1. Once both labels are modelled 7 Å past Cα along the beta-carbon direction, what's the residue 35-residue 14 spacing in nm?
2. Given labels modelled 7 Å from the Cα in the Cβ direction, how far is it in nm from residue 42 to residue 27?
């Protein structure tokens, strides 16, 4: 994916062409930040509140891509199950 040379940030997630699911961007942002990866959400859309991509530092890009790939592989049901497992572990 693209890298913003000026800021040292790497794009690790981008909405599909013509995508309008801002909630998808926010979900990925939450996934990364809950795993300790700082994010910057960027939007080039004519609608200023519509985020289109997520950037992270170059050093976090590999881990961020792994987390996104894992989340896509398990889908929404798997993500919910993982969150429940995480909460159960925290309670013990």
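Just so you know, all these numbers are worked out from the coordinates, no wet-lab data involved. Owing to the predicted nature of the structure, the values given are computational and were not obtained by experimental measurement. FYI the Cβ positions are ideal-geometry reconstructions off the backbone, even for glycines, and counts take in every protein chain you see.
1. Distance between the two pseudo-spin positions: 2.1 nm.
2. Using points 7 Å along Cα→Cβ, the separation is 2.4 nm.
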